[in-house]
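*Asks:* Have a look at this one before I ask anything.
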Number of protein chains: 2
Amino acid sequence: MAGREFELIYRHLGLFGAGSQVSLGVGDDGAVLTLPPNSELVVSSDSLVEGTHFPELTLPEYVATRAIAAAASDLAAMAADPLAMTLALTLPEPDELWLHSFSQGVERCVEALALPLVGGDLTRGPLSVTVTVMGSVPTGCAMKRSGAEPGDRLCVTHTLGDAAAGLALIMGQLPRDIEVPLEDEEFLEARFYQPTARMEWVPWLREHAHAAIDISDGLLADTEHIADASGCACTIDSTALPLSPALSRFDQALKVDWALAGGDDYELAVAVPPGVVLPPELRQVGEFHEGSGVQCDYRPNARKGFDHFGA
Amino acid sequence: MAGREFELIYRHLGLFGAGSQVSLGVGDDGAVLTLPPNSELVVSSDSLVEGTHFPELTLPEYVATRAIAAAASDLAAMAADPLAMTLALTLPEPDELWLHSFSQGVERCVEALALPLVGGDLTRGPLSVTVTVMGSVPTGCAMKRSGAEPGDRLCVTHTLGDAAAGLALIMGQLPRDIEVPLEDEEFLEARFYQPTARMEWVPWLREHAHAAIDISDGLLADTEHIADASGCACTIDSTALPLSPALSRFDQALKVDWALAGGDDYELAVAVPPGVVLPPELRQVGEFHEGSGVQCDYRPNARKGFDHFGA
């Protein structure tokens, strides 16, 4: 019965369609949304696949929190206000318990990010989630990767490398002689499973920044995207990287590798023009200048960013 | 190298970002789109999974044409003008030939539907495609499932059952004694592989119709969605179903089953109020009245619509 598929969606995902911008939520052929006056629509889609982007047997709640944060951080990087999202879930079997846990993660994100869920598609197949996020910006105010200029400072919104360390812990890939206190382990794994899309920076970015990107492939790789798009170079100072206390306990080789080349933090890398006073939470890690490419005093051993089709 | 993933996307899917409504296409954290004045945004996401929604070894071009038509027909059913789409593709291995064929299908749909592709995500995993379509309607004019009223006629935009027959041919599921001429086979398979999203009906729907849905689960199942949402009943006349010449050759039991219960045609079922003159292409197949549920003089043997989580 086709009805069962719809029932599953409505029961678990149809609750989250509220918000003044939502004229019509889940349950029709499409949702209907209202944009603020004089604004443009920003849209981005991201897929997470089991075994590629998250380990098998990941708690369903965390599948949701990672997938939604990965997509929503693109809105933050475009300096867009949240409007709504749709979510396409592919699941091997209908599973009420799985969906219940998943929907808890969705609900937390909907509230934390003010991003109502207005469309759901549930299909049978290998586990994957595709989240499409929509946001709005005042016309002409979308923040592009191409706006960085020589003299701009490269800044990041929070500590880096935590998610990569968390993933190494989850996967049991750390050298055997490393002991990690339980509270650090919990912190690092939470940074992987429950990243924070930095929507709170949107007003500041719109007023002050030249360019931004969310760090999904690692600071080096994503800074290169800004530098290439902007036609300039960037030098990163590895000693300036903000590291969490939990990450600081690790050997230099591990922690700097993770902070430079580990992806999945979903923090923002921002090009801030000279003269703008940096808020204390925003940490400068480099500077843009004439030329091309990204230079760094430290060369990580880890591969540069996560490549789904890499070696 | 993360760059390779991006190169694959840009080379094959980054070409389709044109259109006056596209302020910024593929290549940044998100696309930026402009809606017409005094309009609302309509959005819908659909996933197709290999083995669930299309047979293994389907020509990649047809994976694209089916996935995009399935999503775009939701815009038609909402009476929305096309704005843009994003496409998230999960592929087991990077494969230039596969992507080349797939992108040909994408390009054909972009042109035929005036639906520029403004965002792409390419990940490694079991083959699936999620298409998110965006459209616009004048504020308050979105066509809902809930608008049908007693006295409305149930009409469809084209012949029904062709796609289900095409799938049976593709899967070799027909009784051995049935011979199908090559030209009929090609026609029916094309109706499955290359369905047409009925965007051309949008202006007429907006002016005349009460409710609409795209027929993905079969006429009976999808009419039930309209009837339930509208709080009325509908009676379908199986002798009025429009059948293509190719389908008409089949036995009564097969062809009426397919037309009533086979999904995948992506034609529109429309509730048209009394007094509206029906264009000749629009075929009346039933009538709405007081009550609940869908009645039909013929009870199909096939299961009612395609259910991804059914038995």
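*Asks:* Just report the Cα centroid separation between the stretch A:49-95 and the stretch B:93-162, whole Å.
*Replies:* Cα centroid to Cα centroid, the span is 22 Å.
*Asks:* Let me ask something else. Which length gain, in nm to one decimal place, applies between residue B:52 and residue B:289 when the Cα-Cα distance is subtracted from 0.36 nm times their residue separation?
*Replies:* On the way: separation 237, 0.36 × 237 = 85.32 nm, distance 3.56 nm.
My answer for the length gained is 81.8 nm.
*Asks:* Restricting the count to DSSP beta bridges whose residues both fall in chain B, what percent are antiparallel, rounded to a multiple of 5?
*Replies:* 75
*Asks:* Taking beta carbons within 10 Å but only from partner chains, what does the mean come to for residues A:32-40?
*Replies:* 5
*Asks:* Next question, about the same structure. Pop a pseudo-label 7 angstrom from the Cα along the beta-carbon direction at both residue B:59 and residue A:178 and give the gap in nm to one decimal.
*Replies:* So the two model labels end up 5.1 nm from each other.
*Asks:* What nm distance separates the two modelled labels at residue A:301 and residue B:149, each placed 7 Å from Cα along Cα→Cβ?
*Replies:* The two pseudo-label positions are separated by 7.5 nm.
*Asks:* Given R₀ = 41 Å, what would the calculated FRET efficiency be for residue A:104 paired with residue A:249, taking r from the Cβ atoms and rounding to 0.05?
*Replies:* Calculated transfer efficiency: 0.85.
*Asks:* Compute the distance in nm between two label points, each set 7 Å from the Cα along the Cα-to-Cβ direction, one at residue A:171 and one at residue A:96.
*Replies:* So the two model labels end up 3.6 nm from each other.
*Asks:* Please report the relative contact order for the stretch A:84-147, taking Cα pairs under 8 Å with a sequence separation of at least 6, and give it as a percent rounded to a whole number. Write down the numbers at each step before the final one.
*Replies:* On the way: 71 pairs, mean separation 35.5, N = 64.
Computed over the stretch A:84-147, the figure is 55 percent.
*Asks:* Separate question: How large are Rg and Dmax for the protein assembly as shown when calculated on the C-alpha trace, in angstrom?
*Replies:* 25.4, 82
*Asks:* Only four residue types carry charge here, +1 at the Cβ of Lys and Arg and -1 at the Cβ of Asp and Glu. Report the dipole size of chain B about the Cα centre in Debye, rounded to the nearest 20.
*Replies:* Using Cβ point charges on Lys, Arg, Asp and Glu, chain B gives about 360 debye.
*Asks:* Which three extents, in angstrom, do the Cα atoms of chain A have along their principal axes, listed largest first?
*Replies:* Result, largest extent first: 61, 55, 34 Å.
*Asks:* Placing the label point 7 Å from Cα along the Cα-to-Cβ direction, what are the distances from residue A:38 to the equivalent spots in the other copies, shortest first, in nm to one decimal?
*Replies:* Spelled out, the distances from residue A:38's label point are 1.9 nm.
*Asks:* So for chain B, averaging the separation of alpha carbon pairs under 8 Å that are six or more residues apart and normalising by length, what relative contact order in percent results?
*Replies:* 23
*Asks:* Please report, for residue A:293, the nm distances (one decimal) from its label point, 7 Å out from Cα along the beta-carbon direction, to the equivalent points in the remaining copies, shortest first.
*Replies:* Residue A:293 label point versus its equivalents elsewhere: 7.4 nm.
*Asks:* Put a point 7 Å out from Cα along the line to Cβ at residue A:57; what are the distances to that point in the other copies, in nm, shortest first?
*Replies:* Those separations, rounded to one decimal, come out as 3.6 nm.
*Asks:* Take chain A, mark every one of the GluC sites (Glu not before Pro) that falls in a DSSP loop and has at most 12 other Cβ within 10 Å, then report the longest stretch left between them, sites excluded.
*Replies:* The longest uninterrupted stretch comes out as A:57-178.
*Asks:* Would you mind computing Rg(Cα) / (2.2 N^0.38 Å) for the stretch B:2-138, counting N as its residues?
*Replies:* Against the empirical 2.2 N^0.38 Å value, I get 1.01 for the stretch B:2-138.
*Asks:* What is the sum of charges, Lys and Arg at +1 and Asp and Glu at -1, for the other residues whose Cβ falls under 13 Å from the Cβ of residue A:292?
*Replies:* It works out to a net charge of -3.
*Asks:* Which of A:297, A:265, A:257 moves the most in a Gaussian network model of chain A with Cα springs under 10 Å?
*Replies:* Result: A:297 has the largest fluctuation of those listed.
Every number here is computed from the coordinates shown, using simple stated rules; none is lab data. None of the values given here were measured: they were computed from a predicted structure. Because the Cβ atoms are built from the backbone with ideal geometry, glycine has one as well, and the counts that use them run over all protein chains shown.
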